[in-house]
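Asks: Would you mind keeping the following structure in view while I ask a few things?
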Amino acid sequence: MRSCRIVSLLPAATEIAAALGLMNQIVGVSHECDYPAEANERPRVTHCPIHHTGLTSGEVDEWVRRALHENGTIYRINEPLLRELQPDVILTQKLCDVCAVGYGTVARLAETLPGPPRVVNLEPSGLSDIFEDIRRVADVCGVPESADKLVAELLNRVEVVRRRADAIANRPRCLVLEWVDPPFCSGHWGPELVEIAGGHDPLGRKHQPSVQIDWQQVVDARPEIIVLALCGYDVELARRDYQLLRRFPDFDSLPAARHGEIYAVDASAYFARPGPRIVDSLEILAGILHAAEFPEFAPRRADDARVVRMAMK
């Protein structure tokens, strides 16, 4: 294994590198990198003006649209710090301008750095792509054997869920929302996770970007289960937006609302973070969709940091 200095501009990339045994080679991270705990000890190379500001989801959406229109990005890179860190590898992405610093910005800056460092683009649209990203990071950093072991373990967990779910005849309509105000459906790997876990997302865009949808589409789809996997939000923030969701027209007519089958999940740590814990997301979904068949994953505690069933009142 060759030693290299890694700057990770993605929470998922930080988790991937850590799971590959490379945490001690990570010299800088993004403002959102928070797992494993050691990531919080690294210098933060990026900044977002609205990070942890307490804005409502509607205010966040408005600010993001305006910032992208005016500036083309919502993030800032600390260029002097990045130069000081002298990275050999920078892990970044092209997937989403809202998720992290744009690839073009990073690539142009990297060209001006000594070396220059290798810029590794992670751009998954499905579960298999996430596993390929793990292999890509491992290959660049000289630890391919670590990727073989990690991916094998993750694939085994996926197949365990898939086999058990395939034996279940009932496949409930499970709507995964990535934002509430305005509503965004699930995209990329989200609908695939629902499918593997034994359900069907009627509005999901499998292996495609999430898009804004009209609330009437939700009413017409009549989901039996709703999962609030809100981008960048933990359970507590998702709980807040559930109160907003309850005020939408005809909300009480939805089967999911009538039967109390609405769940808030920590999307920031799991569903919206395409790293090793995406398999945890699959297991969480299996427990939501088929609690009797997957009792070990079923939501149980009101204080669970991963998933909570919303109260009907």
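Asks: If you rank HIS259, HIS47 by how much accessible surface each has, with a 1.4 Å probe, what is the order from largest down?
Replies: The ranking, largest first, comes out as HIS259, HIS47.
Asks: How much of the DSSP bridge set in the chain is antiparallel, in percent, rounded to the nearest 5?
Replies: Within the chain, antiparallel bridges account for around 25 percent of the total.
Asks: Calculate for the chain the 222 nm mean residue ellipticity that helices alone would give, adding -39,500 (n - 2.57) per DSSP H run of length 4 or more and normalising by residue count, nearest 500 deg cm²/dmol.
Replies: -11000 deg cm²/dmol
Asks: With the other protein chains left in place, how much accessible area per residue, in square angstrom, belongs to the chain at a 1.4 angstrom probe?
Replies: Ligands and nucleic acids excluded, the figure is 45 Å² per residue.
Asks: Relative contact order (percent) for segment 185-313, with alpha-carbon contacts under 8 angstrom and 6 or more residues of separation?
Replies: On the way: 213 pairs, mean separation 32.1, N = 129.
Result for segment 185-313 is 25 percent.
Asks: Between ASP234 and residues 5 or more places away or on another chain, which pairs have amide H atoms under 5 Å apart, with H built 1.01 Å from N, and which residues are they?
Replies: The answer is SER268.
Asks: Using only the Cα atoms, work out Rg/Rh for segment 94-203, with Rh taken as the Kirkwood radius, to two decimals.
Replies: Rounded to two decimals, Rg/Rh equals 1.08.
Asks: Students often get this wrong, so try it: which of (i) 163; (ii) 270; (iii) 123 is volume of the Cα convex hull per residue in Å³ as calculated from the structure shown?
Replies: Here the calculated entry is (iii).
Asks: Something else about it: Could you work out what % of the accessible surface of the chain is carbon and sulfur, using a 1.4 angstrom probe and leaving DNA, RNA and ligands out of the count?
Replies: Answer for the chain is 48 percent, counting heavy atoms of protein chains only.
The values are calculated or read from the model by the stated rules, or taken from the named source; none is laboratory data. Predicted model only: the values in this text are computed from it and were never measured. Just the protein is used for accessible areas: all its heavy atoms, side chains included, with ligands, DNA and RNA removed. Shrake-Rupley method; radii C 1.70, N 1.55, O 1.52, S 1.80 Å.
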